[in-house]
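Novice: Next up is a structure, given as structure tokens.
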Amino acid sequence: MENLISGIAILTQWQVIAALIIGSVGGVIIGALPGVGAAVAIAILLPATFAFEPIVGLTLLLGIYGSSMYGGAIPAILINTPGTAVNALTTYDGYPLTKRGEGHRALSLAYSASFFGGIFSIVCLIFLSPVLAWVAPHFGSREIFLAAFMGILLVILAHRGQTFSAAMLAFFGIFLSTVGLEPVKYTKRFTFDQTWLASGVDLIVVVLGLFAISQALLLLVDKDHAPGEARVRGSIFAGLKELLGLKRIATVSSSLGVVMGMVPGTGEFTSQFLSYTYAQKTSKDPDKFGDGSPEGLVASEAANNAVPGAAMIPLLALGIPGEALTAMMLSVFYVHNVIPGPQLFVDQLDFVMALYMSLILLNVIVLVFLLFSTNLLLKIIQIPTRFLGIMILTLSFVGVFSLRNSITDCAIAAGFGVFGLILKRLDLPIVPIILGMVLGGIMEVKLRSAMAKVKTPLDFIDRPIAAILFAMILCIIALHVRTLVQEHRDRRRPQPTGDGDTTQQG
Amino acid sequence: MIAKTLQDTFRRYRRPGDIVYATLFFAFALFLLSQIGVETKVVKRTKWFAQPSLWPMIAILGMVIFSGLHLLSSALSPRIPGRWKEVGFWLQSLEYVAYFLIYVVAVPWLGYLPSTMLFAAFLAVRAGFRSSATVCIALVFGAVVAVVFRALLQVNIPAGRLYEVLPEATRVFALTYL
């Protein structure tokens, strides 16, 4: 109770409230702009937040993270263009509803499903807190090493059909984390006798290059286009009640979002895939899916909005980010010397409480904002894509240069920008690089400290949590091998249609 | 039909230029592998898990193995036309990288506000926006960014050397806020 009151006190600071409002509203606008997305915005704003108190910086970034998917549903439903990648599935049922003149119904369903998913995940987070506070201190070096290893494994295997490229990029990320002067034996690693490489490759520089500069270059070099015009007619409140009739779908989808959000490396896409499949299989009207099914729309939006809250669980409890956005947030913690992990729940529970409450508030702010400003947002998103590119490139400079006023950092970020552009053009994943960098560093430190107490290999898994994690790793590998064998058998059977341009990899 | 469409949403497609990227990455991984003896050290009286060369070795071996497999799968897949056109697209982005780096070098000299306004306006013209209204919007955008980040958020960006020649009254203001 004391922590709750202390958490409320933290939340009532004007800087936190301002960050919450700016983050939530800004996140909706950023999400609604096709071609920007939360990752770009968070990467740009990250260095600016280092000057703030940790709670202010995190609230701002969480606001953007949690609200961007709400905004992304607007162009997905009204103009068949997802605002963020995770809203792609929303176009399937949202746009057909718009074509039938029910855009307002689709939007209100999407908003209410998103709100339900967001709140559901935070409630789960709150109820899980005592369990986390109890379990987290049992995570020693070897457990954190195994959890980080599982994160790398999952992020590689989650990229179905692109496992090789995801693996090589994850290893590239691990390699990047090793460059520079290592802090234990003080030897240089891959510095090529260059002074600018001695301090290593900064995560923020890589993140800004891969997410923000690459997106700016992509928008500037590609053909210019602006999203089509659209306007919502009819009451946007109409569909709010409709969600009550779809509470089973909303609850299951949100639960899948929470579970997938907690598991490192999986996230929105897997939860959407599972919940959409579940909704379709259990629907009385499965043929309507893809042609304006309210159930499909609710499944998609509830699942993706449940992820941000759940993604905070491994970050707060273990200091292990599950995807790129939480990896970026981890750097905010480190800059302020707040180390997320088991001790956070013991020493700074009020801080954790304040974060939970800010997550709830951001969902309320976003819902109220959207119910009254959808038509205004539709005008804002008319910005031509090339102009967006100019804006992102200009803002990227602040992010990189403000770190340590280094022209070299800007050149490295630009290099990663070109690399990110190539990856985006080839539809290859960027996230494994970031997770490789963050989790690679964690694995190196934790293995070193864990092995000091280990005499035989079996000692590594002689504690219950370590043994469970090890068993889970073995299960993940076994399941993947089983899936590969099944796919191989399926491929050997004659198929009516070919799909020669997809790369099927193991 | 719907199930197929849903699967399509989550399926990734190989695109033109994949083999060029795969070859370059594999060559880069091999280069790193060739340098591992020179660029990392094996420290005496230190166990294997604490060796500074352990993690670079793991990372580079992973890069070599998986980029080799990626290259192999790309080479064995049917060729998609438009490989060099795609490479041309990648190279086109270098033009904007050059503008960005000129802007980076210009900021400590010209100052954040003037260089950001000029950069945004120049990019607008280069990107094909020729109307004076759009150029004005770009100038205003540049000014707003500079004021928000340097004056309001006090982000760490040095003052321009050009500000030193400004009249006394405006010099201190410019050095602090612009």
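Novice: How far is the Cα center of the range A:353-409 from the Cα center of the range A:1-49, in Å?
Specialist: 10 Å
Novice: Same structure, new question: Report, in degrees rounded to the nearest 10, the 0 to 90 angle that the Cα long axis of helix A:324-335 makes with the longest principal axis of chain A.
Specialist: For A:324-335 against chain A, the angle is about 50 degrees.
Novice: Quick one: angle between helix A:141-157 and the longest Cα principal axis of chain A, in degrees between 0 and 90, rounded to 10, please.
Specialist: With both axes taken from Cα atoms, the answer is about 50 degrees.
Novice: Would you mind computing Rg(Cα) / (2.2 N^0.38 Å) for the range A:100-236, counting N as its residues?
Specialist: Relative to the rule-of-thumb radius for its length, the range A:100-236 sits at 1.61.
Novice: Please give the contour-minus-distance gain from A:Asp427 to A:Glu242: 0.36 nm per residue of separation, less the Cα-Cα distance, rounded to one decimal in nm.
Specialist: 62.9 nm
Novice: Could you compute the FRET efficiency for B:Ile65 and A:Ile22, with r as their C-beta to C-beta distance and R0 at 56 Å, rounded to 0.05?
Specialist: Taking R0 as 56 Å, the efficiency between B:Ile65 and A:Ile22 is 0.75.
Novice: Can I ask one more? Based solely on C-alpha atoms, express the radius of gyration and the Dmax of the range A:131-179 in angstrom.
Specialist: Looking at the range A:131-179, its Cα Rg and Dmax stand at 13.8, 38 Å.
Novice: A further question on this structure: If exposed means no more than 16 neighbouring beta carbons inside 10 Å and the site is in a DSSP loop, what's the longest run of chain A without any exposed chymotrypsin sites (Phe, Trp or Tyr not before Pro)?
Specialist: By the stated rule (loop sites, at most 16 other Cβ atoms within 10 Å), A:238-506.
Novice: May I ask you to sort A:His104, A:His138 by Cβ crowding, counting other Cβ atoms within 10 Å and putting the fewest first?
Specialist: Fewest to most other Cβ atoms nearby, the residues stand as A:His138, A:His104.
Novice: May I pose another question? Taking the alpha-carbon centroid of each part, what is the distance from the range A:95-114 to the range A:119-193 in angstrom?
Specialist: 38 Å
Novice: State to the nearest 20 debye the size of the charge dipole of the protein assembly as shown about its Cα centre, where the only charges are +1 on K and R beta carbons and -1 on D and E beta carbons.
Specialist: 1160 debye
Novice: Between 0 and 90 degrees, rounded to the nearest ten: what's the tilt of helix A:268-282 against the longest Cα principal axis of chain A?
Specialist: Result, in degrees: 50.
Novice: Ok, one more. Using a 10 Å cut-off on Cβ to Cβ distances, tally the other chain neighbours for every residue of A:443-451 and report the average as a whole number.
Specialist: 3
Novice: Give me the inter-chain shielding for B:101-107: mean count of other chain Cβ atoms within 10 Å, whole number please.
Specialist: Across the residues of B:101-107, the mean count of other-chain Cβ atoms within 10 Å is 4.
Novice: Now a separate question. Describe numerically, in nm with one decimal, the distance between label points set 7 Å from Cα along Cα→Cβ at B:Val165 and at B:Met57.
Specialist: Reported label-point gap for B:Val165 and B:Met57 is 5.9 nm.
Novice: Applying a 10 Å radius around every beta-carbon, put B:108-118, A:54-64 in order of their mean neighbour count, most first.
Specialist: Answer by packing, highest mean first, reads A:54-64, B:108-118.
Novice: Please compute, for the alpha-carbon atoms of the range B:37-178, the extent along each of the three principal axes and give them in descending order in Å.
Specialist: Reported extents, whole Å, longest axis first: 64, 54, 23.
Novice: Would you please report the Å³ per residue occupied by the convex hull of the alpha carbon atoms in the range B:94-177?
Specialist: Per residue, the Cα convex hull of the range B:94-177 comes to 93 Å³.
Novice: While we're looking at this one, here's another question. Which whole number gives the average, over all residues in A:183-192, of C-beta atoms from other chains lying within 10 Å of the residue C-beta?
Specialist: That works out to 5 on average.
Novice: Moving on. With θ set to phi - 60°, apply the Karplus curve 6.51 cos²θ - 1.76 cosθ + 1.60 along the range A:296-310 and write out the HN-Hα couplings as whole Hz, x wherever there is a Gly or Pro.
Specialist: Calculated HN-Hα couplings, in order: x, 4, 5, 4, 5, 6, 5, 5, 6, 7, 7, 6, x, x, 5 Hz.
Novice: Same structure, new question: Please compute the Cα-Cα pair-distance distribution of the range A:334-425 with 5 Å bins starting at 0, giving whole percents from short to long.
Specialist: P(r) over the range A:334-425, rounded to whole percents: 3, 9, 10, 11, 10, 14, 18, 18, 6, 1.
Novice: Counting Lys and Arg as +1 and Asp and Glu as -1, what is the net charge of the other residues whose Cβ lies under 15 Å from the Cβ of B:Val155?
Specialist: Residues near B:Val155 contribute +1 overall.
Novice: Okay, moving on. Suppose the chain between A:Lys99 and A:Trp196 were pulled fully straight at 0.36 nm per residue; how much longer would it get relative to their current alpha carbon spacing?
Specialist: 29.3 nm
Novice: Find the Rg to Rh ratio for the protein assembly as shown, where Rh is the Kirkwood radius over alpha-carbon pairs and Rg uses the same atoms.
Specialist: For the protein assembly as shown, the value is 0.95.
Novice: Set the Förster distance to 30 Å, then compute FRET efficiency between A:Arg404 and B:Leu139 from the Cβ-Cβ distance, nearest 0.05.
Specialist: That gives a FRET efficiency of 0.55.
Novice: Ok, one more. Computed on alpha carbon atoms, what radius of gyration and Dmax characterise the range A:1-99, expressed in Å?
Specialist: So, for the range A:1-99, Rg and Dmax equal 16.0, 53 Å respectively.
Novice: How do A:Thr195, B:Thr176, A:Thr49 line up, fewest other C-beta atoms within 10 Å first?
Specialist: Ranked by crowding around the Cβ, least crowded first: A:Thr195, B:Thr176, A:Thr49.
Novice: By Kyte-Doolittle mean hydropathy of at least 1.0 and Cα axial length of at least 24 Å, which whole DSSP H helices of chain B are selected?
Specialist: Membrane-span-like by this criterion, though nothing is claimed about a membrane: B:18-39, B:54-76.
Bear in mind these aren't lab numbers, they're just calculated from the coordinates by the rules spelled out. Because the structure is a prediction, the values reported are computed rather than measured. Quick reminder, even Gly has a Cβ in these numbers, built from the backbone with ideal geometry, and neighbours come from all protein chains shown.
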